[in-house]
Amino acid sequence: MTAVQENGKQARRRAAMAVLSHSDAAEIASRLEAMAVPVYENLREPENGLVMVRGRIGGDGAPFNLGEATVSRAAVRLSTGELGFGYTLGRDRQKARMIALCDALVQSDEFAGAVESQVIAPLRTRMISERNRTAAETAATRVDFYTLVRGEG
Amino acid sequence: MTTVAELPAGFADKVLSAQSTFRSVMDAMARPGSVQRIAAAAGVPAAMMRGTAAIALTLFDHDTPLWLDPSMSATSDVTKWLKFHTGAPVIADSSICSFALIGDARSLPSLDRFAFGSNEYPDRSTTLVLQVESLTQGPSIELRGPGIDGVAVLRAAIQPADLFERLKINQTLFPRGIDVVLVADDTIVAIPRTTRLVAKGG
């Protein structure tokens, strides 16, 4: 596999992960149910854990430990050999497993198209419209402050 | 990047499998010479026995440096599997490892290449996990020590043949020393540092 192809695949996986981790578990489940999912095995059973979240003041200050966050992770392997990994904030283990499954499907030549069109694309549309709606709602309540210059006399 | 790899799975039920394996290892350590069975099922890399894999998944983590003998590290399978499932660092220096996995017990290196711990911290020693042919058939070995009522008789085909002669260093080193876990398929026998060989039969 050439480096370009490899980078393309990585970008696709990254894009899928960005959508899936922000989506609702029930929705991923219902969309996955609708498509024909191949046989897979749990390489790493879904589990909960903690990660240390680090931050930088102002985005470029010295790093500090902000606090711990709960994450769930899982890894699956399709019968054809693709490995999928799933990480998500929170304690929803099934969501982590479904994300791992989607990650594996995105890499498989056979299922990449189906999972993109039936699962990821609809979720992405929904995520974007939801974001736009929130942004619009927030924008509607915006207040512009003017500094009034005290007039003379 | 690994996309297609033959990486065997870990425990199907992490918590219960790890608990039952821990119990087996603890019982084996408490009753030296007794044969314990490991019931938990897990995927196993080619060079490993079932018991070794279960012990690895139960006892190893990022705080336990591991040393692998040449038969274990011949292919990267075992290292990859251990790294993925346990996160334990595999190191080249056997004198600071917490566990040493010996796939081919015949070529067990000299014991002084492993950690004996210190008098203040005798627990900072290496535990050898030795894969042997059989723990139910073979020449009889009589053992004595704490945890054994009288004499325990073990019938086992153990390599290297002079294992117990080598373990005599535990007598002089105490409280420092080396603990050994013998594994044959899914059965284990522990030889902690306090156990002494009484007699060896045919």
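Here, each number is a calculation from the coordinates, and none is a lab measurement. Since the model is a prediction, treat every value here as computed from it, not as a measurement. Ideal geometry is used to build each Cβ from the backbone, glycine not excepted, and the neighbour counts take in all protein chains shown.
With the cut-off at 1.5 for a/c, could you classify segment B:37-144 from its C-alpha gyration tensor as rounded, prolate or oblate?
Rounded is the answer for segment B:37-144, as its axis ratio a/c remains below 1.5.
Please give the Cα centre distance for segment A:27-60 versus segment B:103-156, rounded to the nearest Å.
Cα centroid of segment A:27-60 versus Cα centroid of segment B:103-156: 43 Å apart.
Using 7 Å Cα-to-Cβ label points, what is the B:Ala39/A:Val149 separation (nm, one decimal)?
8.6
Longer than 28 Å from Cα to Cα, which of B:Lys14/B:Lys200; A:Lys9/B:Lys83; A:Lys95/B:Lys80; A:Lys95/B:Lys83; A:Lys95/B:Lys14 are they? Say none if no pair is.
B:Lys14/B:Lys200
Suppose a student asked you for the relative contact order of chain B, using Cα pairs under 8 Å spaced at least 6 residues apart; what percent would you report? Provide the component values of the computation, followed by the final result.
Numbers: 436 pairs, mean separation 45.6, N = 202.
Over chain B, the number comes to 23 percent.
With r defined as the distance between the Cβ atoms of A:Thr134 and A:Glu6 and R0 fixed at 30 Å, what FRET efficiency is calculated, to the nearest 0.05?
0.25
Can you bin segment A:40-139 into rounded, prolate or oblate? Criterion: square roots of the alpha carbon gyration tensor eigenvalues sorted a ≥ b ≥ c, rounded for a/c under 1.5, prolate for a/b above b/c, oblate for the rest.
Oblate, because a/c is 1.5 or more while a/b does not exceed b/c.
Can you list residues whose amide H is under 5 Å from B:Asp104's amide H, if they're 5+ apart or on another chain and H is modeled 1.01 Å from N?
B:Ser71, B:Met72
Other chains near A:39-49: what is the mean number of their Cβ atoms within 10 Å of each residue's Cβ?
3
For the protein assembly as shown, what is the mean residue ellipticity at 222 nm derived from helices alone (per DSSP H run of n ≥ 4: -39500 (n - 2.57); sum divided by total residues; nearest 500 deg cm²/dmol)?
Dividing the helical sum by the residues of the protein assembly as shown leaves -9500 deg cm²/dmol.
From the backbone phi of segment A:47-57, what are the Karplus-calculated ³J(HN,Hα) couplings (6.51 cos²θ - 1.76 cosθ + 1.60, θ = phi - 60°) in whole Hz, Gly and Pro given as x?
Rounded to whole hertz, the list is 8, 9, x, 10, 10, 7, 8, 10, x, 10, 5.
If you find the alpha carbon centre of segment A:94-127 and of segment B:1-57, how far apart are they in angstrom?
Cα centroid of segment A:94-127 versus Cα centroid of segment B:1-57: 33 Å apart.
List the residues, sorted by chain then number, that are 5 or more residues from B:Leu135 or on another chain and whose placed amide H is less than 5 Å from its amide H.
Close amide H contacts, sequence-distant or interchain: B:Ala157.
Could you work out the mean count of beta carbons from other protein chains within 10 Å of each residue's beta carbon in B:11-17? Walk me through the numbers before you get to the answer.
On the way: counts 2, 3, 1, 4, 2, 0, 1.
So the per-residue partner count for this stretch is 2.
If you take every DSSP beta bridge fully contained in chain B, what fraction is antiparallel? Give it as a percent rounded to 5.
Given both bridge residues lie in chain B, the antiparallel proportion sits at roughly 60 percent.
Angle between the Cα long axis of helix B:14-30 and the longest principal axis of chain B, 0 to 90 degrees, nearest 10?
Once rounded, one gets 20 degrees.
Taking the Cα centre as origin and putting +1 on Lys and Arg beta-carbons and -1 on Asp and Glu beta-carbons, what dipole magnitude results for segment A:1-141, to the nearest 20 debye? Don't jump to the answer; show the numbers that get you there.
On the way: 18 positive and 17 negative charges, 60 e Å.
The calculation lands at about 280 debye.
Run the simple label-point estimate for A:Ser117 and B:Ser107 please: 7 Å along Cα→C-beta, distance reported in nm.
5.5
Cβ neighbours within 10 Å, averaged per peptide: list A:111-118, A:60-67 in order, most packed at the top.
Working: A:111-118: 16.2, A:60-67: 8.5.
So the peptides A:111-118, A:60-67, ranked by packing, come out A:111-118, A:60-67.
Please determine, in degrees from 0 to 90 and to the nearest 10, the orientation of helix B:50-59 with respect to the longest principal axis defined by the Cα atoms of chain B, where the helix direction is its Cα long axis.
80
Starting from the Cα gyration tensor of chain B, take the square roots of the eigenvalues, sort them a ≥ b ≥ c, and report rounded, prolate or oblate (rounded when a/c is under 1.5, otherwise prolate if a/b is larger than b/c, else oblate).
prolate
Suppose a student asked you for the relative contact order of segment B:4-77, using Cα pairs under 8 Å spaced at least 6 residues apart; what percent would you report? Display every interim value, and only then the final one.
Details: 67 pairs, mean separation 24.7, N = 74.
The normalised contact order for segment B:4-77 reaches 33 percent.
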